[in-house]
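Down below is the structure, laid out as structure tokens.
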Amino acid sequence: MKKLLFAVLRYSGLPAFYRQFIQKRKVSVLVFHDIDLETAELTFEYLSQHYNFIPLNDLIQAIETNEENILPKKAMVITFDDGHVRNYQLLPVFKKYQVPVTIFLCSGIIDTFRNYWFLHERDTKIQKHLKTISNKERLDFLSLSGYSNEKEYKHQNALSASQISDMTPYVNFQSHTVFHPILTQCDDEESNWEITKAKFALEKKLERPINAIAYPNGNYTKREILFSKNAGYQCGLTVKAGFNSIKSDPFELKRLDLNDSNDINEIIVKSSGIHSLFNFSN
Ligand SMILES: [Zn+2]
């Protein structure tokens, strides 16, 4: 049913019209997580023909200097959250379509055989519940099925240091905290540590400045913004759907989630941002 809805909406011409005329001067930031090579090829072939990719830093610079002119029309920033090991396979696609990608890494998970807690516990109902309890309760619950932040698994789940180093000429790596907790369910000390430690650990490992954080699961409050500013970040990315402009708060940047879909109609509709006006986005 949803598939049909995306097809109808796509062929209505509304998505193209909406972004071309109504939101022409806006910047959309897309978020992906773990798409396969085929989906990436399909997605970036389409996006490269219909949008103008810009690096995340250009958006930050435009906001900081209040200079709209440095942004092209139909500007689009591409981001990936978590640092999944399969992102490495996408490098040829990023090169082919010249996509200036930003990948947000968990400093405590990359370059280890540790795992993301939501890949250990894949039941979406349980995940949903775990996002509503305190960080300590979440970790206690996960420990019952053998999970801990430091536990090493048989398979590599996150990008390794050598993969990151191969991608570094083409990819802007930034911060997604240390272990991907729900920051708003952490106490002050935990939240501050996750935000601050990740920045310094990544800077040390990557030998590059880290200036952006993507709040895990998009959850943040004024407290997380404050901790991020104090740690020296220049911006924070949410998963609130919508567009950005030079007037945007750099610590509350909006992103469009394409749901890692391989349905071209869904890709077209969601990347236009028009779905954020309706209520069937997820
Ligand atoms: Zn994430």
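Rule-based calculations on the coordinates, nothing more; no lab input. Please read these numbers as outputs of a predicted model, since none were measured by experiment. Cβ atoms come from the backbone with ideal geometry, glycine included; neighbour counts cover every protein chain shown.
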Taking only Cα atoms, what is the 0 to 90° angle, nearest 10, from helix 56-65's long axis to the longest principal axis of the chain?
80
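Restricting to DSSP loop positions (anything but H, G, I, E, B) with no more than 15 other Cβ atoms inside 10 Å of their own Cβ, which trypsin sites (Lys or Arg not before Pro) remain in the stretch 137-172?
Details: sites: ARG138, LYS151, LYS154; in loops: LYS151, LYS154.
Here the sparse-neighbourhood loop sites are LYS151, LYS154.
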Based on Cβ point charges of +1 for Lys and Arg and -1 for Asp and Glu, what charge dipole magnitude is obtained for the stretch 55-188 about its Cα centre, in debye rounded to the nearest 20?
620
Ordered by residue, what ³J(HN,Hα) values in Hz, to whole numbers, does the stretch 118-129 give under the Karplus form 6.51 cos²θ - 1.76 cosθ + 1.60, where θ = phi - 60° and Gly and Pro are x?
7, 8, 6, 9, 8, 5, 5, 5, 5, 4, 4, 5
Helix-only CD estimate at 222 nm, as mean residue ellipticity for the chain, using -39500 (n - 2.57) per DSSP H run (n ≥ 4):
-11000 deg cm²/dmol
For PHE104, other-chain or 5+-apart residues with amide H closer than 5 Å (H placed, Pro excluded) are PHE80, ASP81, ASP82, GLY83, GLN174
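Suppose every Lys and Arg Cβ carries +1 and every Asp and Glu Cβ carries -1, with no other charges. What dipole size does the stretch 164-282 come out with about its Cα centre, to the nearest 20 debye? Let's see the in-between values first.
On the way: 13 positive and 15 negative charges, 79 e Å.
Value, rounded to 20: 380 debye.
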Considering the chain as a Gaussian network with a 10 Å cut-off on Cα pairs, which listed residue, GLY218, GLY242, GLY146, attains the greatest mean-square fluctuation?
GLY146
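What is the stretch 2-277's relative contact order, in percent, from Cα pairs under 8 angstrom and six or more apart in sequence?
25
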Log entry: pair-distance distribution for the chain, C-alpha pairs binned every 10 Å from zero, whole % per bin is 6, 29, 36, 23, 5, 0
Using modelled amide H (1.01 Å from N, peptide plane; none on Pro or chain starts), what sits under 5 Å from the amide H of VAL77, excluding residues fewer than 5 places away?
SER28, VAL29, LEU30, ILE54
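How would you rank ILE78, ILE54, ILE126, ILE195, going from fewest to most other Cβ atoms within 10 Å of each one's own Cβ? Present the calculation step by step, with values, prior to reporting the outcome.
On the way: ILE78 24, ILE54 20, ILE126 14, ILE195 28.
In order of increasing Cβ crowding within 10 Å: ILE126, ILE54, ILE78, ILE195.
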In the stretch 144-211, which chymotrypsin sites (Phe, Trp or Tyr not before Pro) fall in coil by DSSP and have 16 or fewer other Cβ atoms within 10 Å?
TYR153, TYR170
In degrees, nearest 10, the alpha-carbon axis of helix 188-206 is tilted away from the dominant principal axis of the alpha carbons of the chain by 80
All lysines inside 23 Å of LYS204 as judged from Cα atoms, apart from same-chain residues fewer than 8 positions distant:
LYS151, LYS229
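Placing +1 at every Lys and Arg Cβ and -1 at every Asp and Glu Cβ, with all other atoms neutral, what dipole size does the chain have around its Cα centre, in debye to the nearest 20? Could you put the intermediate results ahead of the total?
On the way: 34 positive and 33 negative charges, 160 e Å.
Here the chain has a charge dipole of around 760 debye.
Based on DSSP, what percent of beta bridges with both residues in the chain are antiparallel, to the nearest 5? Can you show the working numbers first?
On the way: 2 of 27 bridges.
Restricted to the chain, the bridges split so that about 5 percent are antiparallel.
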Taking the alpha-carbon distance from LYS270 and a cut-off under 16 Å, which aspartates and glutamates remain once sequence neighbours fewer than 8 residues away in the same chain are dropped?
GLU45, ASP257, ASP260
With Cα atoms, 0 to 90° folded angle of helix 222-231 axis to the chain main axis
80
